[in-house]
Amino acid sequence: MPVGRDEYDVVIVGAGHNGLVCAAYLAMAGLRVKMVERRRVVGGAAVTEEFHPGFRNSVAAYAVSLLNPKIIRDLRLHEHGLRIVERRVQNFLPAVDGSYLLAAEGETARQIGKFSAADAGRYAAFNRELDMAADVLRDLALRAPPNLASGFTLRRLGELIRTGALANRLRRLRPEQVRILFDLATKSAGEFLDNWFETDLLKAMHGFDAVVGNYASPYAPGTAYVLLHHAFGEVNGRKRSWGHALGGMGAITQAMARAAQTLGVAIETDAPVAEIVVERDRACGVVLGDGRVIRGRAVAANVNPRLLYTGLMPGGALPAEFLARMRRWRCESGTFRMNLALSRLPSFAALPTSKGTDHLTSGIILGPSLGYMERAFHDARRDGWSREPIIEMLIPSTLDDSLSPPGTHVASLFCHHVAPQLPDGKSWSDHRDTVADLMIDTVERYAPGFKASVLGRQALSPLDLEETFGLTGGDIFHGALSLDQLFWARPMIGYADYRGPLRGLYHCGSGAHPGGGVTGLPGHNAARAIIRDRRWRVWT
Ligand SMILES: Cc1cc2nc3c(=O)[nH]c(=O)nc-3n(C[C@H](O)[C@H](O)[C@H](O)COP(=O)(O)OP(=O)(O)OC[C@H]3O[C@@H](n4cnc5c(N)ncnc54)[C@H](O)[C@@H]3O)c2cc1C
C-alpha cells in the first residue's frame, strides 16, 4: 500500500555496514531515515551466521582492521556491545619444506633474520615507508576526493577549495614521500616488494594483501595500491594490526544497527528494492519487490553502483553515456570463500600445535611466494581456478569461544584465485564442490590430518557471493580497486562526491571512495554530502 508523500528524508537501499553508518550519521543530524534490506539480516557482507548446526562464523568478511576509529567513537559502537580483540600473532606463513615465517609484535625482524640478515635490517625502514603512506591514505579516506564539476557554480567553487586542501596536505610531504606515494599508487606490488626484500615468505606476506579481492597477478601495475589499501587500518589504536570482533563480523553490524535504531532509523529487512522512483529527474523513493512504494526526499544506495544503475533504475532515467560507462564498471574479485566446522585444531608440519597455539590466532597464509601467486592468477584465467590456490585461513574460535561447541573450532578459508566467470560456459554450480575439495586438500598439504577434522563446510563461489550477498560479479569491494576505478574515478569521474547523476541520488556503499572493506568510510562521507545538500536545500 503506498505511503504518504515524503514520509522520510532519506531512503537507504541496502543495510550493509556502510548503509548503517550513513543512516546513523543522518539521524544524528536530525534526518528521518528508512533503510530497506533485501536479506533477512542486516550487515551485508559483514554478518555472523550459523553455517553448520551449532557452528557460527563470519561467513563472508572475517577480519577487522579497516573500520575507522572515528566511526566506532561517533556511533558509540562499544556502548552498543562491540568488542574487538587483537590476534596474538598477526601472520603465520608455513612452507611445504618445513620453514615458516611469523609476524608478531617485537618478533618479526628476528623471524625474518632466519632467512636474510639484509631483509631483517631493512624491515624497520620498510615499515616507516608504509606507515607514512598509510597515514596519508587514512587522512584522504575520511573525505570526498576532488570531483570534476563544470560551470561557474558554488559546487565548482567547493571543488576548487577541496582540491586546494588536498594539494596543501601533499605539500606538507617531502618530495621523496610524494614519490613513494606515487609508486604505491601505480606500481605492481611485486616490483615494490622485490625492490625491498629477497625473502620469498616475507614478500608473500605483504603480497597477499595485494591480491586480496583483487583478481590480478601481484606483478600487475596498480596492485601495490591494494597492498596499501589493506594497511590503513588499526585495531584498538595499533596501526596496521588486524583483529577479531567477538561474536564475529555480525557483532559490528548488529552494534551499528542498534546505534542507528536508537537514533530513530527505521530498518526493514526482507524488503528488496525493485526500482528507484524517479520524478522530474529526481530520485524520490523506492518501489519494493512486493509493490509497496516508500517515498523519501532523497535516496542513498548502499549497493554496487553497477547493480544500482543497470538493475534498479527506470528505463530512460539516465544519460546514455553514463549508463554505458556504468555497464563497464569492472567487478571481479576472483575469490572463493569457505567456512569449516572442525573437530580439533589443525597442526601444521612447519610448526606443530605441540609447540604452542598462538600462531593459530593469526592470518595463516598458504601461498609461499609472489611467483606462486602469479601462477595462481594465470592458472585461474586459463582453467577457471588454480590447482595451487592462495589461501588465508583464520581460526576465530581460538580467540572467541562463542562460535562453536566446547572443544571444537571454526575456520574461515579465503581463497584466491578463481575466475569470476568460468571459461567455456561452465557454471560454478557444477564445480563448487570440486574447488571446495581442492581448498581442503591444499590445507592438508601443510597440516596433515586437517581433512579428517572437517565436520561440516559451507562453500561460496563467486556466483554464490553474488546470489547470497548481492555482490555483483562476486566482487567483495563493489568494483575493482584499480587505478581507473579509484579516488576521483570511483564510481566515475564527475560523480566521486557521493552524488549520482540525478538530484537526490547518492552513493553510500563501497563503490564510492575509498572503496571496499569494512571501513564505514563511504557511508560516513556520503552522509556528509547528503547533510550538506539538505542545508543548501538541494532536494527539499
Ligand atoms: C568473502 C568476503 C571476504 C571479505 N573479507 C573482508 C575482511 O576480512 N575484512 C574487511 O574489512 N573486508 C572484507 N571484505 C570486504 C567487505 O566485507 C565489503 O567490502 C563490505 O562489507 C561492503 O560493505 P557495504 O556496506 O559497502 O556493502 P554490502 O555489505 O555489500 O551491503 C550492501 C547491502 O545491500 C543489500 N542489497 C543488495 N541489493 C538490494 C536490493 N535490491 N534491495 C535492498 N537491498 C539490497 C545487500 O543484501 C547488502 O546487505 C570481504 C568481503 C567478502 C565478500
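Being more than 12 Å from the ligand (Cβ to nearest atom), free of Cβ contacts under 8 Å to residues at least 40 places away in the same chain and within 21 Å of the chain's Cα centre (by Cα) is a property that does not hold for ALA496. Across segment 25-63, the qualifying residues are those that are within 13 Å of the ligand (Cβ to nearest atom) and farther than 29 Å from CYS415 by Cα, and the one among them that is surrounded by the fewest Cβ atoms within 10 Å (Cβ to Cβ) is LYS34. Across segment 417-450, the qualifying residues are those that are surrounded by fewer than 16 Cβ atoms within 10 Å (Cβ to Cβ) and either touching a His at 6+ places or on another chain (Cβ under 7 Å) or small (Gly, Ala, Ser) (or both), and the one among them that is farthest from LEU366 (Cα to Cα) is GLY425.
Of all the criteria given as (1) of a type outside the set (A, V, I, L, M); (2) without any contact (Cβ under 8 Å) to a residue 40 or more places away in the chain; (3) in a helix (DSSP H, G or I), the one not satisfied by CYS22 is (2).
Results for (1) farther than 22 Å from LEU481 by Cβ; (2) not aliphatic (A, V, I, L, M), shown as yes or no for each residue.
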residue	(1), (2)
LEU160	yes, no
LEU166	no, no
LEU181	no, no
LYS187	no, yes
PHE192	no, yes
LEU202	yes, no
HIS206	no, yes
SER217	no, yes
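Close contacts from segment 258-287, counting a first residue that is closer than 15 Å to ASN302 by Cα and a second that is in a loop (DSSP other than H, G, I, E, B) and more than 11 Å from the ligand (Cβ to nearest atom), with Cβ to Cβ under 7 Å and a gap of 6+ residues or different chains, come to GLU275/PRO314; ILE276/MET313; ALA283/LEU502; ALA283/GLY504. Restricted to segment 154-211, the set of helices (runs of 4 or more DSSP H) holding at least 1 residues that are touching a residue at least 40 places away in the same chain (Cβ under 8 Å) and under 30 Å from HIS416 (Cα atoms) comprises 175-186, 189-196, 200-211. Of the residues making up segment 311-343, those that are assigned to a loop (DSSP other than H, G, I, E, B), out of contact with any strand residue (DSSP E or B) (no Cβ under 7 Å at 6 or more places or on another chain) and of a type outside the set (Phe, Trp, Tyr) number 9. Might you check whether a residue that is touching a residue at least 12 places away in the same chain (Cβ under 8 Å), out of contact with any strand residue (DSSP E or B) (no Cβ under 8 Å at 6 or more places or on another chain) and not in a loop (DSSP other than H, G, I, E, B) occurs anywhere in segment 418-427? Yes: segment 418-427 contains one or more residues that are touching a residue at least 12 places away in the same chain (Cβ under 8 Å), out of contact with any strand residue (DSSP E or B) (no Cβ under 8 Å at 6 or more places or on another chain) and not in a loop (DSSP other than H, G, I, E, B).
Could you please let me know if ARG330 is under 27 Å from GLY30 (Cβ atoms), among the basic types (Lys, Arg) and either within 16 Å of the ligand (Cβ to nearest atom) or modelled with pLDDT of 95 or more (or both)?
For ARG330, the condition - under 27 Å from GLY30 (Cβ atoms), among the basic types (Lys, Arg) and either within 16 Å of the ligand (Cβ to nearest atom) or modelled with pLDDT of 95 or more (or both) - is not met.
Here MET373 clears all of (1) of a type outside the set (Asp, Glu); (2) out of contact with any Cys (no Cβ under 7 Å at 6 or more places or on another chain); (3) not in a helix (DSSP H, G or I) except the condition numbered (3).
The values are calculated or read from the model by the stated rules, or taken from the named source; none is laboratory data. In this text the structure is predicted, and so the values were computed from the model without any measurement. Here Cβ is always computed from backbone atoms with ideal geometry, including for glycine, and neighbour counts include all displayed protein chains.
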